[in-house]
Amino acid sequence: MTSSGAPDEPGDFRAAVESLHAARVRREIEVGPIRPPQRLAPYSYAVGAEVRPPDDPDVVPTDSQGSAFGRLILLYDPAGQDAWNGTIRLVAYLQAEVEAALAMDPLLPEVAWSWLSDALGVPVGESSTPEHSGNGPSLDGTARRIEVTALGGTVTSTTSVRYGDIAGPPRAHQLEVRASWTALTAEGLNGHLEAFCEVLASAAGLPPTGVTRLGAT
C-alpha cells in the first residue's frame, strides 16, 4: 500500500494526485498533504484543510469565528470495489464550531448536507451528478466540471459542556460532516477539493468571496 511518490504507482493514481495539487482555494483556507490511511485501498493520498483568520480587515465572518478544519482522502483501487462503483473514492471529514442558535436549528443537518451536494453538483435527494451538467465556476472564474456517483454520508451536531478546571468556553457547539463519493475520472479532482473547501468555508461562517464589510472603501 502506497501514498503518492512511489515509482510503481499507476498512472491514473498519479494523475489524480496531480489534479488535486491544481486546486485553487480561497486564501483563508490553508491546505497541504497529510499522512493518508494505509488499509483502506492499495493507493491513498490525503489533504488537510484548515480555516485561518482572514488577514483582510474588510472580510468579516457571517457567524462568530471558531475553529474549522477537515481532510479529504483519495483512495485508489485499480481493481475497483463494488461499493464504490468505480476505482477512485474520495472520503471527506470536516468539523467546525458553530453558534448556539445554528447548532439548535433542527434543519442544520439538511443545510450542511446541501452545502456539500450543491458544491458537487448533486441534486437534492440524489447520489450522482446528472449527465452533461455543469458545476459552476471555480475560484479563478473558469468552468468547473465534477462527475460523481455513490455520494453518501452523515451530518452530526453536538454540544460539549466543560466542567471544572479545563480550558475553553464552558459550552461549545460543533458541526461534523462525514461523506464519501466516487469520482468518475482521475482528472479534474481539483474541482472536488475546491468543492470540499467551499463546504468548509460555509461551515466556518465565512462570507462568499468578494463580500466586504458595510461601509468599507
Margin query: Every residue in region 68-122 that is surrounded by 23 or more Cβ atoms within 10 Å (Cβ to Cβ) and charged (D, E, K, R), please.
Written below: ARG89
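For every residue, the table says whether it meets (1) closer than 18 Å to TRP84 by Cβ; (2) surrounded by 14 or more Cβ atoms within 10 Å (Cβ to Cβ); (3) modelled with pLDDT under 95; (4) among the β-branched types (Val, Ile, Thr).
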residue	(1), (2), (3), (4)
ALA6	no, no, yes, no
GLU9	no, yes, yes, no
ARG14	no, yes, no, no
ARG26	no, yes, yes, no
LEU40	yes, yes, yes, no
Checklist line | Residue under evaluation ALA143, criteria (1) more than 19 Å from GLU194 (Cβ to Cβ); (2) at pLDDT below 90, criterion not met | finding: (1)
Item checked: Filtered residues of region 42-83 (kept if at pLDDT below 95, part of a loop (DSSP other than H, G, I, E, B) and in contact with a strand residue (DSSP E or B) (Cβ under 6 Å, 6 or more places away or on another chain)) -> ARG52, GLY66, SER67
Next item on the list: Can you work out which of the residues in region 168-213 that are closer than 20 Å to ALA15 by Cα and of a type in the set (Asp, Glu) is modelled with the highest pLDDT?
Entry: GLU194
Margin query: Just to check your reading of the model, which residue among ASP118, ASP165 is out of contact with any Pro (no Cβ under 8 Å at 6 or more places or on another chain), at pLDDT 85 or above and of a type in the set (D, E, K, R)?
Written below: ASP118
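The values are calculated or read from the model by the stated rules, or taken from the named source; none is laboratory data. Note that the structure is predicted; figures quoted are calculated from it, not measured. All Cβ positions, even for glycine, are placed from backbone atoms using ideal geometry, and neighbour counts span all protein chains on display.
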